[in-house]
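Shown next, in structure tokens, is the structure this report addresses.
The values are calculated or read from the model by the stated rules, or taken from the named source; none is laboratory data. Computed from a predicted structure; not experimentally measured. Here the Cβ positions follow ideal geometry from the backbone for every residue, glycine too, while neighbour counts run over all protein chains shown. Areas reflect the complete protein model, heavy atoms only, side chains present, ligands, DNA and RNA absent. Shrake-Rupley method; radii C 1.70, N 1.55, O 1.52, S 1.80 Å.
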Amino acid sequence: MDLQEVSTIVRIMKNPEERKEEIINAAEDLFVAKGYENTSVNDIVNKVGVAKGLFYYYFKAKEELLNAISQKYIRYLAGKIRKIAEDEDKNAVEKIHQILETIINQFGLQNKGIKRLAKLFNNEKNSAIHKKMADKMAEQITPHVISIFKQGVRENLFETEHPEFIAETLLMWAVSLHNTVTVPITDSHNNKQKAKAAEDMIERLLGAEQGSLNLFPYFIAIINELERV
């Protein structure tokens, strides 16, 4: 038995979930490189090296891959936020800053390829997936944000009796904003006003000292990145 035959057998025997992940990763690479519309199912299966029938075993159509890719990023970001929330060496404000840095630096806002995917998700044709992605993200990260807010209360950085309600309210607001932002915002003066207003609102809700959260530069950085999508 030669190496090519061994390679073929190993490929056939791969775990189904591993094979599915291969297809998702290949599709993501091609969507970034060629664009969603210019990528065919044949392109995807050829990149993975599998038959087209196997693709349709996992996915009814190419469109289902968008949902699969969104779920991949939700798991990734939720895992990052969980680790931040469980870090015993940082206070609550430091954890909030690290979450925002993760969104900016690691979730793909500075990655041109991911920006192309973000633009695709924001397309009206994919609005249902866009909304589902935002709702699922909020659902998975809410417990970790609640944990951080409770920590802030214990550390006397926040003064509120309702950290759970505040976390849920803020994430609902973020989801609502996420679901309505489908075009770049180009009014820089208005953006700064909104970023400052959001910072003030969050500090008031948490009972934090004015200016103690220093969220403004993070909000501006996120807005600036979204403008480039």
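In the range 132-156, what residues are of a type in the set (A, V, I, L, M) and out of contact with any Leu (no Cβ under 8 Å at 6 or more places or on another chain)?
Within the range 132-156, M133, A134, I146, I148, V153 meet the criteria.
Enumerate the pairs (first residue in the range 39-50 and outside any helix (DSSP H, G or I); second residue anywhere and open to solvent by 20 Å² or more (accessible area, probe 1.4 Å) and not aromatic (F, W, Y)) with beta-carbon separation below 7 Å, excluding pairs fewer than 6 apart on the same chain, so at least 6 apart or on different chains.
T39/L30; G49/R11
Hey, among E28, E17, which residue is at pLDDT below 90, closer than 14 Å to K62 by Cβ and in a helix (DSSP H, G or I)?
E28
Of the residues that sit in the range 41-70 and are of a type in the set (G, A, S) and closer than 14 Å to E21 by Cα, which one is most open to solvent (accessible area, probe 1.4 Å)?
G49
Being over 16 Å from K72 (Cα atoms) and among the small types (G, A, S) is the filter here; which residues of the range 13-46 pass it?
Once the filter is applied, which keeps residues that are over 16 Å from K72 (Cα atoms) and among the small types (G, A, S), the range 13-46 yields A33, G35, S40.
Look through L171, L205, L157 and report the one residue that is at pLDDT 85 or above, within 28 Å of A68 (Cβ to Cβ) and touching a helix residue (DSSP H, G or I) at 6+ places or on another chain (Cβ under 6 Å).
Details: L205 fails: within 28 Å of A68 (Cβ to Cβ); L157 fails: within 28 Å of A68 (Cβ to Cβ).
L171 is the lone residue from the list that is at pLDDT 85 or above, within 28 Å of A68 (Cβ to Cβ) and touching a helix residue (DSSP H, G or I) at 6+ places or on another chain (Cβ under 6 Å).
If you check Y76 against the conditions, is it modelled with pLDDT under 90, under 25 Å from the mean Cα position of the chain (by Cα), within 30 Å of F219 (Cα to Cα) and in a loop (DSSP other than H, G, I, E, B)? Give the derivation first.
Working: modelled with pLDDT under 90: yes; under 25 Å from the mean Cα position of the chain (by Cα): yes; within 30 Å of F219 (Cα to Cα): yes; in a loop (DSSP other than H, G, I, E, B): no.
So Y76 does not fit the description; no.
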